[in-house]
Amino acid sequence: MLVSNCSCCQHIPPLDYFPTCPPSHPFHCCQCVPSCHFCQQNKLAFGYCVPSCSTCPVLPTERGPKIESGSGGTTESGSSRTETGSSRTTGRSGGGPAERGTEEIIQFPIPENPSWSNPKLYGWGFQHFVVNVGSTVIVPSVMVSVGGGGNVEKARAIQASLFVMGNTLLQICFGTRLSVSMETSQAYTIPIISIALSTYSNFNNSLDPHQRFEQFMRRVQGASLISSIFQMVIGFSGLAKYFARHLSPLASVPLVTLTGLGLYVRGFPLVAKCAEIGLPALAILVFLTQFLPRIWKAKKEIAGQVAIILSVAIVWTYAEILTVAGAYDNTTQETQMNCRTDSSGLIGAAPWIKNPHPFQWGTPIFEAGDALSMMAASLVAVIESSGTFYASSKLSGAPPIPPYALTRGIGIQGIGTMIDAVFGAGNGSTASVEDAGLLGLTQVGSRRVVIVSAIFMVFLSVLGKVGAFFASIPLPIVGALHTVLFPYVASAGLQYLEFCNVNSFRSKLILGFSLFMGLSVPQYFKEYVFLSGHGPVNTGTTWFNDIVQVIFSSPPTVALIVAFFLDRTHTPGACSTWKDSGRYLKDKSDESEKTKEIYDFIISLGDMCS
């Protein structure tokens, strides 16, 4: 056993803390005790290395280079004990504390890919497609409903949203290079409602409903185009890179955690809209994804490959039987809308073949107020996407995303928002939270799986009725998927605590206060709108009201503002602050070879899928 003084406080570990005898007392290696007993300096600060111990046997070759004894230290050499058959890797992603990492337990980490001839690839890709298509319906449906459109307009908007999800390929190839899909963002809902109300009041008497809806969509398109330029400026100018460099792991925890938890309204509340469908969907999904692989161990991979598809198919068939049997014939209209499988009207309204073309609603209309409120929504979409990117890096077995990859991804997100506007999707894009959660559920982080999912999206959007069939998944089933997938993203945020000193009361304050405010402030703003019909800020300028309402209605945005401000202003000069917030480990992670291997810009077309 090699023992040396701590590289930080120069203390030599006492023998009773790291005993060499009696033999019955377990040795403690750098896997067991990663911190100095005196100064709590992490990452092998003791300067010692034990080849293996009775608590966590690890082969010496898996531990990296030994640390030489420093000045004032003593050195003991002992016999190296290894155990055959032990092939575990340390799994540290990005230089965090020594522990079992995510990439150790997933089947395909992000650098690895199943072969194109492997049928599992298409099963995993189709699961991503099913998860994304169910969520993609929500935002366009709200947009068409507030704009006064019918089933035909809703089918066109949803098909456009599915088609533009092909910009996922841009994100994988040129953006963050993470295994995450892009989808329509709900952050644009408030500006869209304001534009709809303004259009209705201005053209209620002069235009018929279809013409008024097209006028509304042209204004939304124009505002989305301006907001896409704003996102590209944030990304390609380096503003996001500057911000990410100063974002510590401590401040990242509230951002990523509330990126998942902040979407709770799309979880169980959707399930409860039709409990006789939603609750069985939730129960079957949990059983198939969590318990069946442990009961049916011989077919564990197959169970994980088809769990989402099988659970959706079972409950959807059950819902169809209830609908055909007339279980909802004498119920309220709201119950029929949520429970009946034929209530969406998408399949009948969609054409067999839909050829997407630019500006399907007409020439965009540009208005300053619309553009300003949409720019605020695009900023919120950027922040929420950043939280999803951080979570995706953890769940796919990659190191934390470095600033240069994050800013590149935000710039590509702006290009994706421009594509959304051009092809008539209406609102902008954001990283899919449920898709990131699916990475943790399936334990498959391969880029190639998400590429297959994006191809499914584009192809089935052209086959209008086929795409409309999948888009008509009942919302309670979608809510059950969200209830299982969003917690994975929230837990990935908590995983960033491994970089931080959670025993510090400064850390406790920043974490607790930012998480509390991230949940409390948006709830206040939403309740105020529900009770009074307008937000707490109700000036005569609609676009200013929308900006405030959009920003403070987003849980991850509020949490990030609070956490970042406190982290940068609360005792910034203290010597322990740099360590407590985890910045010193983050800097080492950003410069690691593995980080460069995963996030560096591709140099050939073949690298896109590797």
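The values are calculated or read from the model by the stated rules, or taken from the named source; none is laboratory data. Quick caveat, the model's predicted, so the values are computed rather than measured. Don't worry about glycine lacking a Cβ; one is built from the backbone with ideal geometry, like all the others, and counts go over all protein chains shown. For accessibility, only protein heavy atoms count, side chains too; no ligands or nucleic acids. Shrake-Rupley method; radii C 1.70, N 1.55, O 1.52, S 1.80 Å.
Restricting to segment 469-479, and then to whatever is open to solvent by less than 10 Å² (accessible area, probe 1.4 Å) and among the hydrophobic types (A, V, I, L, M, F, W, C), can you tell me which residue is modelled with the lowest pLDDT? Filtering first and then ranking leaves 471.
Each row is one residue, and each column tells you yes or no for (1) aliphatic (A, V, I, L, M); (2) within 18 Å of the chain's Cα centre (by Cα).
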position: 498; (1), (2): no, no
position: 504; (1), (2): no, no
position: 531; (1), (2): yes, no
position: 557; (1), (2): no, yes
position: 564; (1), (2): no, no
position: 579; (1), (2): no, no
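Does residue 571 satisfy the criteria of being on the phi > 0 side of the Ramachandran plot and among the β-branched types (Val, Ile, Thr)? Judged against the criteria, residue 571 is a match. Figure legend. Inter-residue proximity from segment 135-149: first residues modelled with pLDDT under 90, second residues of a type in the set (Asp, Glu), beta-carbon distance below 7 Å, spacing 6+ or different chains. Indicated pairs: 135/183; 135/434; 136/183.
Contact map, segment 410-422: residues that are touching a residue at least 60 places away in the same chain (Cβ under 8 Å) paired with residues that are of a type in the set (Asp, Glu), Cβ distance under 8 Å, separation 6+ or inter-chain. No pairs are found.
Number of residues in segment 241-288 that are open to solvent by 10 Å² or more (accessible area, probe 1.4 Å), part of a helix (DSSP H, G or I) and of a type outside the set (Phe, Trp, Tyr) equals 17. Just checking, does segment 449-456 include any residue being open to solvent by less than 30 Å² (accessible area, probe 1.4 Å), in contact (Cβ under 8 Å) with a residue 60 or more places away in the chain and farther than 16 Å from residue 168 by Cβ? Looking for residues that are open to solvent by less than 30 Å² (accessible area, probe 1.4 Å), in contact (Cβ under 8 Å) with a residue 60 or more places away in the chain and farther than 16 Å from residue 168 by Cβ, one finds none in segment 449-456, hence no. Inspection of segment 184-201 identifies at least one residue that is open to solvent by 60 Å² or more (accessible area, probe 1.4 Å), assigned to a helix (DSSP H, G or I) and closer than 27 Å to residue 478 by Cα. Cβ-Cβ distances below 9 Å connect the following pairs, each with a first residue in segment 317-329 that is modelled with pLDDT under 90 and acidic (Asp, Glu), a second residue that is part of a helix (DSSP H, G or I) and surrounded by 11 or more Cβ atoms within 10 Å (Cβ to Cβ), and a separation of six or more residues or different chains: 329/336.
Find the residue count for segment 374-428, including only residues that are among the basic types (Lys, Arg) and buried (at least 24 other Cβ atoms within 10 Å of the Cβ).
1
Count of segment 291-312 residues, restricted to those that are at pLDDT 85 or above, surrounded by 13 or more Cβ atoms within 10 Å (Cβ to Cβ) and more than 11 Å from residue 127 (Cβ to Cβ), is 0. Scanning segment 486-503 for residues being in contact with an Asp or Glu (Cβ under 9 Å, 6 or more places away or on another chain), buried (at least 20 other Cβ atoms within 10 Å of the Cβ) and under 18 Å from residue 575 (Cβ atoms) gives a total of 1.
For segment 343-369, taking the residues that are under 31 Å from the mean Cα position of the chain (by Cα) and loosely packed, with under 13 Cβ neighbours inside 10 Å, the one that is nearest to residue 547 (Cα to Cα) is identified as 358. In segment 524-551, the residue that is nearest to residue 189 (Cα to Cα) out of those that are assigned to a helix (DSSP H, G or I) and hydroxyl-bearing (Ser, Thr, Tyr) is 542. Cβ separations smaller than 6 Å between residues 6+ apart or across chains give the following pairs from segment 195-216 residues that are under 12 Å from residue 370 (Cβ atoms) and without any contact (Cβ under 8 Å) to a residue 60 or more places away in the chain to residues that are open to solvent by less than 60 Å² (accessible area, probe 1.4 Å) and of a type outside the set (A, V, I, L, M, F, W, C): 196/147; 199/215.
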